[in-house]
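> The structure is given below, and queries will be raised subsequently.
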Number of protein chains: 4
Amino acid sequence: MIKVGIVGGTGYTGSELLRLLVRHAQVEIAAVTSRSDAGTGVADFHPALRGEIDLAFTTPEAAGLADCDLVFFATPNGTAMNEAAALLEAGVRVIDLAADFRLKDLEVWQRWYGMTHAAPDLVEAAVYGLPEVNREAIATARLVANPGCYPTAVTLGLLPLLEAGVVDAGRLIADVKSGVSGAGRKPSTALLLAECGESFKAYSVGGHRHQPEICENLRHAVGVEIGLTFVPHLVPMVRGIEASLYATLQQSGLDLQALFEARYRNEPFVDVLPTGSPVETRSVRGTNLCRLSVLEPQGAGVVVVQSVIDNLVKGAAGQAVQNMNIMFGWNEATGLALSALAP
Amino acid sequence: MIKVGIVGGTGYTGSELLRLLVRHAQVEIAAVTSRSDAGTGVADFHPALRGEIDLAFTTPEAAGLADCDLVFFATPNGTAMNEAAALLEAGVRVIDLAADFRLKDLEVWQRWYGMTHAAPDLVEAAVYGLPEVNREAIATARLVANPGCYPTAVTLGLLPLLEAGVVDAGRLIADVKSGVSGAGRKPSTALLLAECGESFKAYSVGGHRHQPEICENLRHAVGVEIGLTFVPHLVPMVRGIEASLYATLQQSGLDLQALFEARYRNEPFVDVLPTGSPVETRSVRGTNLCRLSVLEPQGAGVVVVQSVIDNLVKGAAGQAVQNMNIMFGWNEATGLALSALAP
Amino acid sequence: MIKVGIVGGTGYTGSELLRLLVRHAQVEIAAVTSRSDAGTGVADFHPALRGEIDLAFTTPEAAGLADCDLVFFATPNGTAMNEAAALLEAGVRVIDLAADFRLKDLEVWQRWYGMTHAAPDLVEAAVYGLPEVNREAIATARLVANPGCYPTAVTLGLLPLLEAGVVDAGRLIADVKSGVSGAGRKPSTALLLAECGESFKAYSVGGHRHQPEICENLRHAVGVEIGLTFVPHLVPMVRGIEASLYATLQQSGLDLQALFEARYRNEPFVDVLPTGSPVETRSVRGTNLCRLSVLEPQGAGVVVVQSVIDNLVKGAAGQAVQNMNIMFGWNEATGLALSALAP
Amino acid sequence: MIKVGIVGGTGYTGSELLRLLVRHAQVEIAAVTSRSDAGTGVADFHPALRGEIDLAFTTPEAAGLADCDLVFFATPNGTAMNEAAALLEAGVRVIDLAADFRLKDLEVWQRWYGMTHAAPDLVEAAVYGLPEVNREAIATARLVANPGCYPTAVTLGLLPLLEAGVVDAGRLIADVKSGVSGAGRKPSTALLLAECGESFKAYSVGGHRHQPEICENLRHAVGVEIGLTFVPHLVPMVRGIEASLYATLQQSGLDLQALFEARYRNEPFVDVLPTGSPVETRSVRGTNLCRLSVLEPQGAGVVVVQSVIDNLVKGAAGQAVQNMNIMFGWNEATGLALSALAP
């Protein structure tokens, strides 16, 4: 049993962490912070958690975070980089669900996030928390950068192909689609149901922060330069990401299905479906799973991978719990034995 | 550990039962039947259950149901009344999630369901499985009639008022709204997303089968004749029921909040919210909870109750599991410790 | 051909007015104002209007509104009451789509809208713009208060019953449901798709501004005191209102269908469906129609009326255009010959 | 004023044709056929058309189609090929909204549609009704094959690039997304709101009939072989198609925006948005427009085109009306002056 703190408990990654942690057998939630809502009962703020948690939000100062074994940052970008150092020095392990430690290339980070990084040394020390790539490093990490939602779906879909060196790494295409919860819980006009309901659109076609994250981390993982055209779209639904990935095969006659199954045979949260299976986002709703389907349609030399995750679970809070489980040496699936809610 | 069988595993109540039972600590799923899909892997049919269950659908004949401790019928109306007797004689307990045993008044049943009842004696023996009303009888029942989804939401919302005798029982109004999964998984034109998406409507205004079910069971519960105008509506969403209930108060100065809180203080799956709280269907999504809010707006002598449930859980499979827990003497919440999926 | 101005062109009522007016044969749009977006092309702001309109937003000061024949206020509550007087003095007719002139009872208005009214004399002069009630007064009005969306749906559904004196006017119930566009286009957390998608809830159960509007205007129309329990709900869709109305009949044996058909025989925008017909919001999407269905289910003495409108058309901009047509003596349907978009 | 007949008036393309034709100044609707619903009032079947049309469905035999000037087939694939010849011989012009005459290569057609073609000679004579490519041939055509919905969106997005010869025609990718109305109005399990609501998925990844249609017609249009990876997806909404198109540029320094604007300068129903504009499906809802946006993100040598249409209008019934207008020498926009319904 460890004590964990959550910095930033009013957004969707925060509430999803709470949904998972209230039932986690090894965890006591010691504090949940919110500057704006300090004093409010967590379950009053998130009525879906009524009966699950008795805490009220506290300010970060009053939260006693330094006494925790682990602190999750479920905050906007730019928060953890200012607050993580003190916790790490106090011996607390940290998982940041925002983007502060995801990119090693600070120049790229600063360009995309529009801030000067406050803790460059921590960037160096942080481990990118994608267990399917960095499990060993996560196990001993003090600071984990939890991956973005799109990068999780895209990276898991492309990894087997790139590791095997069977596709042109310089001409990858990721056509990705997300439910609106990926954009967070801030007041917004663009994300009103009246604006994005019963409609579909691409956005950030000219450039999105998750593109450099995917490229850098794939390059680290497989050792080759990555060229990726990345186009995100907004789906009129709440949860779920689907990534359709296109790559040019450099070999023919490959058994792509076998390649994927072999790569993920021992992964508890990656499920490779039979060739040609449809892959619905609802089939992972509420779970920490990434489900994949791979195909070379009509033998045309282009491989198509479909990858689905729940953006708030494997794309955020669930992956953070998975990372915690690895960091503390527990069964990786502790607290993550969840069946998908379908329909 | 008991052995359970599920008759009819391809519909939504069947798949929801599976979602709950695969993680139930006291249950081994011995067989799941489907005449049309016998031989197909259950998880191939319901991809959301991949990795959760290894069985294939069997025919009822091959299922060995007589060797089970409990059999759930997740079948269309008119099936269980033909098959339950043999199982009961073999010592198997039965929970019917369809309507075959919900009404004691056979004439009414036959008018609404358009069939002659095949097992009138079992109707007499069956217990209406609403634990908040019939917990003791359920504990010793051999045959439980699991309530309909609307009746669950409406009955729980009206019970405290009727039991206390503070409203006019002859002039109740239930304006109820359901997501489309309540209508099942059969091919249909009316339930296509293209037909009922981005639209809202009432249906069956002239009469709906759940109206006599509510009236009969409320009459049994509180001992007075019930007059109920019941109008169901279809909401463009998948899961969830909201019932807005209107009744004329026959007393003034009542503490309605206290009345409701007292009635449900010891109920594990009924949650009375603070006066005037908004009650969203998503706050119970995936859970066995009924959340209620009660108010007398502007002191006008009309009490308004809002009641929300997940139609597939407290309105079907979850309540069936709750009934099973009671029948076998387990903690009533076994296998039902579920947090709502919100957002 | 008249010149019209629109004050406040960035919200949904403003854009819907534009959608209707760009094709209106008798109207030239002279100016569309927006303080915040002055200088921006109207069609750049509303891409759905590309190719339909060449104007840019102007400030109210630069708009030359005093030279218009008619000015529509599609502004927040509290704007028109400050600006209408000057226009009226300049001989401009005014239609306010907000609530400033909807209630004669200033005390009630001030309580619900939380402001001191700036133009009490104009309130007296204003005509409530529900053509089905006030057509003659509208024809000669200088200032029209365009009704709220809920009041339009509810009033049209109740009028025939109240005018005929066949129901208990003191015990009316309106269970109303609206798509989210009714709440406008302001940044908001509660109206995010991630908050209100795939969910359903009642809101403002304790009291909603449209309740006194309905009561006052019905009282004026039929001359009796109105007692109305009014509960609004939010539907996870963009457009559409459905009102389910419940009233206690004081006579038996009435031909309700004939009553409704007679009342609305000559109304171009009210359509009474055959008894018992389902009434979907999509059947009026994009149109100025109110479709109604009336029934006394099972002869129980309670009449149930379903009323559907498009909240942005008959509930706002379309009704405003209808009022304009009446004010200028044109065919009432000019510019409103629209087929519903279904599916 | 011409007389038109519609064969097959109960599906979505039929009802959408009716929505457009009831207001078309040059058209009298002489007959609407339906074998299954002969005798039913068209507006009783499609309540959204109440007040717009007085006809009842007739059988094809009783419809007097040979006396029409033009007959639309809004029927399943395989109907028009059996019935068009007799009408053409009688001097009636024909527009088939199904796929019977879309492919010149009969072998390919028969493989994808699983039937032997009944009228190969008519295939030869038919004109593919994409006005932006074949306007002159359409003007004199007796038989027009109205394009599929996906082919319309994809072809209009790729044409400028292929005509200019600036991309690799052998490595095109079309990641396309459609609302569910594209799949028609037949009873279905897969298209229930409960199945495809609040979820997103790819389908027919291994092959879809619209892929050969796009390839053949693009090859005819631009004279080069086309290699296209085509992956359709289902969006939880009713109307709208978005196509994200990816092609490898073979030149650098191109002004893609100018290329697209020049290509479509005189097209009444193609709108090229400013570089980098988001393109929402709702911005064309209910209209005959195709809106396009083109960009080379980050100068990476891959051009990305977004193309949106309303699948039932420019993707079906609207394009059919546009073709009719061309065939009869009317202004091409007659009956198609429609503003998008947004929100």
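The values are calculated or read from the model by the stated rules, or taken from the named source; none is laboratory data. As the structure is a prediction and not an experimental result, all values here were calculated from the model. FYI the Cβ positions are ideal-geometry reconstructions off the backbone, even for glycines, and counts take in every protein chain you see. For accessibility, only protein heavy atoms count, side chains too; no ligands or nucleic acids. Shrake-Rupley method; radii C 1.70, N 1.55, O 1.52, S 1.80 Å.
> Exactly one condition in (1) buried (at least 19 other Cβ atoms within 10 Å of the Cβ); (2) more than 24 Å from B:LEU17 (Cα to Cα); (3) in the same structural domain as A:ARG171 (by TED's automatic domain parsing) is false for A:ASN288; which is it?
The number of the failed condition is (2).
> Listed residues A:ALA74, A:ALA25; which is surrounded by fewer than 18 Cβ atoms within 10 Å (Cβ to Cβ), farther than 18 Å from A:ALA141 by Cα and among the hydrophobic types (A, V, I, L, M, F, W, C)?
Result of the check over A:ALA74, A:ALA25: A:ALA25.
> Let me spell it out: the conditions are (1) more than 8 Å from chain B (Cβ to nearest Cβ); (2) closer than 30 Å to B:CYS290 by Cβ; (3) touching a strand residue (DSSP E or B) at 6+ places or on another chain (Cβ under 6 Å), and C:HIS210 meets all of them except one. Which number is the exception?
Among (1) more than 8 Å from chain B (Cβ to nearest Cβ); (2) closer than 30 Å to B:CYS290 by Cβ; (3) touching a strand residue (DSSP E or B) at 6+ places or on another chain (Cβ under 6 Å), the lone unmet condition for C:HIS210 is (3).
> Still on this structure, I have one more. From D:SER283, D:SER293, grab the single residue that is at the interface with another protein chain (Cβ under 8 Å from one of its Cβ atoms), free of Cβ contacts under 8 Å to residues at least 24 places away in the same chain and polar (S, T, N, Q).
From the options D:SER283, D:SER293, the qualifying one is D:SER293.
> Checking C:LEU161 against (1) more than 30 Å from B:GLY197 (Cβ to Cβ); (2) out of contact with any strand residue (DSSP E or B) (no Cβ under 6 Å at 6 or more places or on another chain); (3) in the same structural domain as C:PRO268 (by TED's automatic domain parsing), which test does it fail?
(2)
> Does B:SER307 satisfy being closer than 25 Å to B:THR13 by Cβ, modelled with pLDDT under 95 and either outside any helix (DSSP H, G or I) or in contact with a Ser or Thr (Cβ under 6 Å, 6 or more places away or on another chain) (or both)?
no
> Among residues belonging to segment A:227-259 that are hydroxyl-bearing (Ser, Thr, Tyr) and open to solvent by 30 Å² or more (accessible area, probe 1.4 Å), point out the one that is nearest to the other protein chains (Cβ to nearest Cβ).
A:THR248
> Moving on. Kindly evaluate D:THR275 against the criterion of being surrounded by fewer than 24 Cβ atoms within 10 Å (Cβ to Cβ), within 13 Å of chain A (Cβ to nearest Cβ) and either free of Cβ contacts under 8 Å to residues at least 24 places away in the same chain or not in a helix (DSSP H, G or I) (or both).
When the stated conditions are applied, D:THR275 passes them.
> If A:GLY335 satisfies all but one of (1) in the same structural domain as A:LEU172 (by TED's automatic domain parsing); (2) in contact with a His (Cβ under 7 Å, 6 or more places away or on another chain), what's the number of the condition it fails?
(1)
> With respect to the numbered conditions (1) open to solvent by less than 10 Å² (accessible area, probe 1.4 Å); (2) outside any helix (DSSP H, G or I); (3) over 30 Å from B:VAL71 (Cβ atoms), which one is the sole condition not fulfilled by B:LEU161?
(2)
> Inside segment D:207-261, can you point out the residues that are out of contact with any Phe, Trp or Tyr (no Cβ under 9 Å at 6 or more places or on another chain), closer than 23 Å to D:THR281 by Cβ and part of a strand (DSSP E or B)?
The answer is D:LEU228, D:SER244, D:LEU245, D:ALA247.
> Can I ask one more? Please verify whether segment C:260-272 includes one or more residues that are free of Cβ contacts under 8 Å to residues at least 24 places away in the same chain, within 7 Å of another protein chain (Cβ to nearest Cβ) and of a type outside the set (Lys, Arg).
Yes, segment C:260-272 has at least one match.
> With (1) within 14 Å of chain C (Cβ to nearest Cβ); (2) assigned to a loop (DSSP other than H, G, I, E, B); (3) open to solvent by 40 Å² or more (accessible area, probe 1.4 Å) as the list, and B:GLU198 as the residue in question, which single condition is left unmet?
Status for B:GLU198: all satisfied but (3).
> Suppose the filter is part of a loop (DSSP other than H, G, I, E, B), open to solvent by less than 10 Å² (accessible area, probe 1.4 Å) and not acidic (Asp, Glu); does B:GLY39 pass it?
No; evaluated as a whole, the condition is false for this residue.
> Another question, then. Which of the following residues is surrounded by 21 or more Cβ atoms within 10 Å (Cβ to Cβ), at pLDDT 95 or above and either of a type in the set (Asp, Glu) or not assigned by TED's automatic domain parsing to the domain that holds B:ASN82 (or both): B:VAL144, B:VAL166?
Exactly one residue qualifies, and that residue is B:VAL144.
> On to the next question. Can you pull out the residues in segment A:75-108 that are part of a helix (DSSP H, G or I) and in contact (Cβ under 8 Å) with a residue 24 or more places away in the chain?
If the condition is that a residue be part of a helix (DSSP H, G or I) and in contact (Cβ under 8 Å) with a residue 24 or more places away in the chain, then A:ALA80, A:MET81, A:ASN82, A:GLU83, A:ALA84, A:ALA85, A:LEU88, A:VAL108 are the ones that fit.
> Within the bounds of segment D:213-226, is there any residue that is without any contact (Cβ under 8 Å) to a residue 24 or more places away in the chain, away from chain A (no Cβ under 14 Å) and polar (S, T, N, Q)?
No, segment D:213-226 contains no residue that is without any contact (Cβ under 8 Å) to a residue 24 or more places away in the chain, away from chain A (no Cβ under 14 Å) and polar (S, T, N, Q).
> Give me the pairs, please: first residue somewhere in segment C:47-60 and facing another protein chain (nearest Cβ under 7 Å), second residue anywhere and of a type in the set (Val, Ile, Thr), beta-carbon distance under 6 Å, and either six or more positions apart or on two chains.
So the pair list comes out as C:GLU52/C:VAL22.
> Among the residues of segment D:307-331, how many are within 14 Å of chain A (Cβ to nearest Cβ) and either open to solvent by 10 Å² or more (accessible area, probe 1.4 Å) or of a type in the set (A, V, I, L, M, F, W, C) (or both)?
Of the residues in that region, 3 qualify.
> Within segment C:52-74, identify whether any single residue is of a type in the set (A, V, I, L, M, F, W, C), assigned to a strand (DSSP E or B) and within 30 Å of D:LEU289 (Cα to Cα), and answer yes or no.
Checked segment C:52-74: at least one residue is of a type in the set (A, V, I, L, M, F, W, C), assigned to a strand (DSSP E or B) and within 30 Å of D:LEU289 (Cα to Cα).
> For C:TRP109, work out the one condition from (1) out of contact with any Ser or Thr (no Cβ under 7 Å at 6 or more places or on another chain); (2) open to solvent by 10 Å² or more (accessible area, probe 1.4 Å); (3) farther than 30 Å from C:VAL272 by Cα it doesn't fulfil.
(2)
> Further question on the same structure: Among the residues of segment C:112-141, write down those that are part of a helix (DSSP H, G or I), of a type outside the set (A, V, I, L, M) and touching a strand residue (DSSP E or B) at 6+ places or on another chain (Cβ under 9 Å).
Residues satisfying the conditions are C:GLU132, C:ASN134.
> Being more than 21 Å from C:GLY286 (Cα to Cα) and among the basic types (Lys, Arg) narrows it down to one residue among D:ARG35, D:ARG19, D:ARG50; which is it?
D:ARG35
> Among what's in segment C:133-173 and is of a type in the set (S, T, N, Q) and under 30 Å from C:GLY91 (Cα atoms), pick the residue that is farthest from the other protein chains (Cβ to nearest Cβ).
It comes out as C:THR140.
> For residues that are over 14 Å from A:ALA153 (Cβ atoms), within 13 Å of chain D (Cβ to nearest Cβ) and over 17 Å from the mean Cα position of the chain (by Cα), scanning just segment A:174-190, find the one that is least open to solvent (accessible area, probe 1.4 Å).
A:THR189
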